[in-house]
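Trainee: Have a look at this one.
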Amino acid sequence: MADVVLISGSPRADSNTEFLLNVCKEELEAAELTAKILSLRGNPIQSCIACGQCAKLGKCSLQDGLNEILPDIREADGFIIGAPVYFGTARGDVMNLLQRVAMVARVNGNWLSRKVGGPVVVARRGGHSATLQEMLMMFFISDMIVPGSSYWNIAFGHAAGTVADDAEGIATMRKFAQNTAYLILQMRK
Ligand SMILES: Cc1cc2nc3c(=O)[nH]c(=O)nc-3n(C[C@H](O)[C@H](O)[C@H](O)COP(=O)(O)O)c2cc1C
């Protein structure tokens, strides 16, 4: 278990999303929090089937690996998730995960409440803002606390790893992670 769980929603190796999450992890660890990055690479996440079983089971009825990471999210004080933009929206598996985590948490005492964090987004050229807003919907309805940064949590990159060239994007992620750590530590006082 870690203080902050970070989930990469990219299917690619050495992805831009994971690069950004590593930047966040560096800042969280600099603030002496523990941080764990999980990846959806090779682990497709299905959409919610509206079976309602999560209220009885305390977890999801689907057997695709989501239940294995729910305890990590539940125990953490912070939750950050990164997505590549696909046709102007978040990659589908990312939204599948957010919707299912939110539903399981919501019908089981809303255990996402007051966790600190938010989404980060990467794309070649466009669709960042809509994607960020789409992902934020789950955070806000789940009573979570989303800190700001020096810019919105977006970065530019296309080929794997090229987001490293986006200095402003990286600085934005650093500040966001610093603020996430700051809030978590303040709330523990
Ligand atoms: C199916 C698909 C759709 C994409 N749609 C967009 C898009 O709408 N806007 C954009 O700027 N980039 C788009 N891209 C490019 C990716 O967002 C970009 O390569 C990103 O850096 C991938 O992140 P990753 O390395 O974390 O997977 C798309 C890529 C794929 C595979």
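The values are calculated or read from the model by the stated rules, or taken from the named source; none is laboratory data. As the structure is a computational prediction, the values presented were derived from the model and not from experiment. We place every Cβ from the backbone using ideal geometry, glycine too, and count neighbours over all the protein chains shown. Protein only, heavy atoms only, side chains kept; ligands, DNA and RNA dropped before computing areas. Shrake-Rupley method; radii C 1.70, N 1.55, O 1.52, S 1.80 Å.
Trainee: How many residues are assigned to a helix (DSSP H, G or I), within 16 Å of the ligand (Cβ to nearest atom) and surrounded by 15 or more Cβ atoms within 10 Å (Cβ to Cβ) if we restrict to the range 124-144?
Mentor: Going through the range 124-144, the residues assigned to a helix (DSSP H, G or I) turn out to be 128-141.
Pick out the ones that are also within 16 Å of the ligand (Cβ to nearest atom) and you get 128-135.
If we keep only those that are surrounded by 15 or more Cβ atoms within 10 Å (Cβ to Cβ) as well, we get 128, 131-132, 134-135.
So the count comes out to 5.
Trainee: I'd like the residue in the range 146-189 that is part of a helix (DSSP H, G or I) and aromatic (Phe, Trp, Tyr) and, out of all such residues, is nearest to the chain's Cα centre (by Cα).
Mentor: Taking the candidates together, the pick is Phe176.
Trainee: May I pose another question? Report, ordered by the first and then the second residue, all pairs with beta carbons closer than 7 Å, sequence separation of six or more or different chains, a first member in the range 1-23 that is open to solvent by 50 Å² or more (accessible area, probe 1.4 Å), and a second member that is part of a helix (DSSP H, G or I) and within 8 Å of the ligand (Cβ to nearest atom).
Mentor: Matching pairs, first to second residue: Phe19/Val163.
Trainee: List the residue pairs whose Cβ atoms are under 7 Å apart, where the first residue sits in the range 119-142 and is within 16 Å of Ser8 (Cα to Cα), the second is part of a helix (DSSP H, G or I) and among the hydroxyl-bearing types (Ser, Thr, Tyr), and the two are 6 or more positions apart or on different chains.
Mentor: Close Cβ pairs satisfying both conditions: Val121/Thr131; Val122/Thr17.
Trainee: Please go through the range 59-95 and pick out each residue that is more than 16 Å from the ligand (Cβ to nearest atom) and of a type in the set (Val, Ile, Thr).
Mentor: Of everything in the range 59-95, those that are more than 16 Å from the ligand (Cβ to nearest atom) and of a type in the set (Val, Ile, Thr) turn out to be Ile69, Ile73.
Trainee: Of the residues Val101, Val107, Val121, Val116, which single one is surrounded by 18 or more Cβ atoms within 10 Å (Cβ to Cβ), of a type in the set (Val, Ile, Thr) and within 24 Å of Leu62 (Cβ to Cβ)?
Mentor: Answer to the selection: Val101.
Trainee: Is one or more of the residues making up the range 169-180 exposed (fewer than 15 other Cβ atoms within 10 Å of the Cβ), under 15 Å from Val4 (Cα atoms), more than 16 Å from the ligand (Cβ to nearest atom) and not polar (S, T, N, Q)?
Mentor: For the range 169-180, residues exposed (fewer than 15 other Cβ atoms within 10 Å of the Cβ), under 15 Å from Val4 (Cα atoms), more than 16 Å from the ligand (Cβ to nearest atom) and not polar (S, T, N, Q): absent.
Trainee: Take the residues of the range 1-27 that are outside any loop (DSSP other than H, G, I, E, B) and touching an Asp or Glu at 6+ places or on another chain (Cβ under 6 Å): which is farthest from the ligand (Cβ to nearest atom)? It would help to see each step written out before you state the result.
Mentor: So in the range 1-27, the residues outside any loop (DSSP other than H, G, I, E, B) come out as 4-8, 16-27.
Filter once more, keeping what is touching an Asp or Glu at 6+ places or on another chain (Cβ under 6 Å): 5, 8.
On the way: Val5: 18, Ser8: 7 Å.
Filtering first and then ranking leaves Val5.
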